[in-house]
Amino acid sequence: MGAGASAKIGEASAEDIQKAIAELGDADKKKLSDALNSVAGGGKKLIFQLGTNNWQRQGEFAPGSGILHEAHHNAMNKMDGVNCFSMYPSSKQTQPEEADAQYRVFKLDHDIPICESASPTSSKRWHSMSDEEFTAYYKRMEEEVYNYMKEVEAKVGSNFTQVIAHHSFLNPYVMQHVIQRRVKEGLPKCPIYCFVHGTALKMYRWELGGKAVEEFPMRFHKMMLEEKVFDDIENGVNACFVISNEQKGGIAEIFPSFPQDRVIVAPNGINMEVFKPASKSLTDVITENTREIIWPETPPSEEDCKKYTQMIIFCGKYAEWKRLAALLEACKMFEDDYPNLCVLCAGGGQPADIDVTKKYIAELGLKNTFLIGGRPQPVLAELYTVAEMGVFPSFREPFGLVFVECMACRTPVIGANSGGPKDFVIPEVGCLVDEPPETTDLSTVNAGVKTLGKTLNEAIRKALTEDWKKVKGDGCIKLAIDKFTVGAQVANMFTDVAKI
């Protein structure tokens, strides 16, 4: 969901989703209810969701996909005629103690495996697992999912009617095997829906690209093809939910046999009660967010903070493909001309990624750029509000939730012309600069950093000169409110899948 800087939902709480649904008009409520009935064939819907990341519980930080899963789980359980049960992995959390709990923890004795190297919460990659370890992992997951589903059905007295697997990798693979076992026993076949997240698509692209074979050998894409997870809508994935046209194109690229009319674009929504213009002053926000920082080693004094009359915000994990390095290159170009402008970079990441970023800033000799680490959503809203602009130059960002959060706080945005932001960043809210010709895929991200830095510098100068903050503020908040509520995402998922 977005950035390592905060736990995202896709990104709001379950209560926010329900509030948004409750505020739908009568016609839309009926449409949603009819869609749910159509999806499950009428009657009580019993849904099982298999998550790929932990929920935010017992003090454990949750990545965006984990909070999204939890929010959808809770929202579905508050809908009439719907009963949802879930399972998710965690090495830190205990099983729920409540007798009526509708979720189960898939207990691990190691970090949750991830698809790529850049994660603020884990360094254990799928590709680092031996064949024996991987096989043991998925077989144990299959067995626990199978048993939990049977346990739930015995408890509630009905069969599951559909399953949702989060991520386009192991979870749909496991669910396919579980459903096949159930069908052999004479149980009804449940359709499998896959909620696609960007990191798995990146993993497949690394494998298919063949440019980092030691780190990403051809292994898991081959497995998915052999098992026909995305090649057989009757016995594999029946439909996919994606959050942007970029991800829809990713499915077409990586699994070309999967029907595109079964790939449903359901853009992420945001919590409008959190992401809205805040009231704190620029000086207060800068001061409060630089008392404890990652870089430099010595925070600026409160007196030094008062000299800044303008600020730019970056929010994202400190990972190569987020291309914070390109923004740092731009900072070097405009810093002398804007001595009263500072750049705050919110985010998190693995220690090695943070060290690389710190060294980059030191080598450039930047004086007004600060790495402030992760920040909770209400603080991000304050940062977005006082910023002149948000700059998020990721390569092929799956959706770009930080763009929408920033716009909801009346602040224009600048990014790169690739990925999800292409769907909604229009001149009324900011701009997307050209992708550097040196960058054609994930393996060539670094090659284009300096070129991208130059175009970002030009766009930032233009935004400051033309006072985009004042000129585009109304357009930003209007677009966020019109198109990106969580209620819209939930409704789209069910109404669109009913059509197929």
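The values are calculated or read from the model by the stated rules, or taken from the named source; none is laboratory data. Nothing here was measured: the structure is a model prediction, and the numbers come from that model. Virtual Cβ from ideal backbone geometry, glycine too; neighbours counted across all protein chains shown.
Restricting the range 331-358 to residues that are touching a strand residue (DSSP E or B) at 6+ places or on another chain (Cβ under 8 Å) and small (Gly, Ala, Ser), which is farthest from Ser281 (Cα to Cα)? Only one residue fits best here, namely Gly348.
Could you tell me which of the residues Ala330, Ala325 is assigned to a helix (DSSP H, G or I), over 23 Å from Trp468 (Cα atoms) and at pLDDT 95 or above? Walk me through it before giving the result.
Details: Ala330 fails: over 23 Å from Trp468 (Cα atoms).
Answer to the selection: Ala325.
Of all residues in the range 170-196, those satisfying the criterion of being in contact with a Phe, Trp or Tyr (Cβ under 9 Å, 6 or more places away or on another chain) and either at pLDDT below 95 or among the acidic types (Asp, Glu) (or both) are Pro188, Cys190, Phe195, Val196.
Considering only residues that are among the aliphatic types (A, V, I, L, M) and in contact with a Lys or Arg (Cβ under 8 Å, 6 or more places away or on another chain), look in the range 433-450 and name the one that is nearest to Lys202 (Cα to Cα).
Residues of the range 433-450 that are among the aliphatic types (A, V, I, L, M), as a first pass: 433, 442, 445, 447, 449.
Add one more test, that the residue is in contact with a Lys or Arg (Cβ under 8 Å, 6 or more places away or on another chain), and what stays is 442, 445, 449.
Numbers: Leu442: 8, Val445: 13, Val449: 19 Å.
Here the residue is Leu442.
Of the candidates Val265, Val229, the single residue that is modelled with pLDDT of 95 or more, among the β-branched types (Val, Ile, Thr) and either surrounded by 14 or more Cβ atoms within 10 Å (Cβ to Cβ) or closer than 30 Å to Glu405 by Cβ (or both) is Val229.
Go through the residues of the range 55-76 one by one and say whether even a single one is part of a loop (DSSP other than H, G, I, E, B), touching a residue at least 60 places away in the same chain (Cβ under 8 Å) and surrounded by 13 or more Cβ atoms within 10 Å (Cβ to Cβ). Break it down into steps so the answer makes sense when it comes.
Step one: of the range 55-76, the residues part of a loop (DSSP other than H, G, I, E, B) are 55-63.
So of that shortlist, the ones also touching a residue at least 60 places away in the same chain (Cβ under 8 Å) come out as 61, 63.
Those still in the list that are surrounded by 13 or more Cβ atoms within 10 Å (Cβ to Cβ) too: 61, 63.
Yes: the range 55-76 contains one or more residues that are part of a loop (DSSP other than H, G, I, E, B), touching a residue at least 60 places away in the same chain (Cβ under 8 Å) and surrounded by 13 or more Cβ atoms within 10 Å (Cβ to Cβ).
Looking at this structure, is Glu329 crowded, with 19+ Cβ neighbours inside 10 Å, of a type in the set (Asp, Glu) and under 31 Å from the mean Cα position of the chain (by Cα)? Yes.
Against the condition more than 16 Å from Pro393 (Cβ to Cβ), in contact with a helix residue (DSSP H, G or I) (Cβ under 8 Å, 6 or more places away or on another chain), crowded, with 19+ Cβ neighbours inside 10 Å and of a type in the set (A, V, I, L, M), how does Ile477 come out, does it pass? The answer is yes for Ile477. The number of residues in the range 461-474 that are buried (at least 18 other Cβ atoms within 10 Å of the Cβ) and of a type in the set (S, T, N, Q) comes to 0. Of all residues in the range 289-322, those that are in contact with an Asp or Glu (Cβ under 7 Å, 6 or more places away or on another chain), surrounded by fewer than 24 Cβ atoms within 10 Å (Cβ to Cβ) and not in a loop (DSSP other than H, G, I, E, B) total 2. Within the range 455-482, residues that are touching a residue at least 60 places away in the same chain (Cβ under 8 Å) reach partners that are of a type in the set (S, T, N, Q) and assigned to a loop (DSSP other than H, G, I, E, B) with beta carbons closer than 8 Å, at six or more positions or on different chains, in the pairs Lys469/Thr411; Gly473/Thr411; Cys476/Thr411. For the range 229-251, a residue qualifies if it is in contact (Cβ under 8 Å) with a residue 24 or more places away in the chain and outside any loop (DSSP other than H, G, I, E, B), and the qualifying residues are Val237, Asn238, Ala239, Cys240, Phe241, Val242, Asn245, Glu246, Gln247, Gly250, Ile251. Within the range 208-221, the set of residues being surrounded by 20 or more Cβ atoms within 10 Å (Cβ to Cβ) and either assigned to a helix (DSSP H, G or I) or without any contact (Cβ under 8 Å) to a residue 60 or more places away in the chain (or both) comprises just one member, Phe220. Residue count for the range 333-352, restricted to those that are in contact with a Pro (Cβ under 9 Å, 6 or more places away or on another chain) and modelled with pLDDT under 95: 4. Check off (1) among the β-branched types (Val, Ile, Thr); (2) touching a strand residue (DSSP E or B) at 6+ places or on another chain (Cβ under 6 Å); (3) part of a helix (DSSP H, G or I) for Thr199 and give me the number that stays unchecked. Only one criterion is unmet by Thr199, namely (2).
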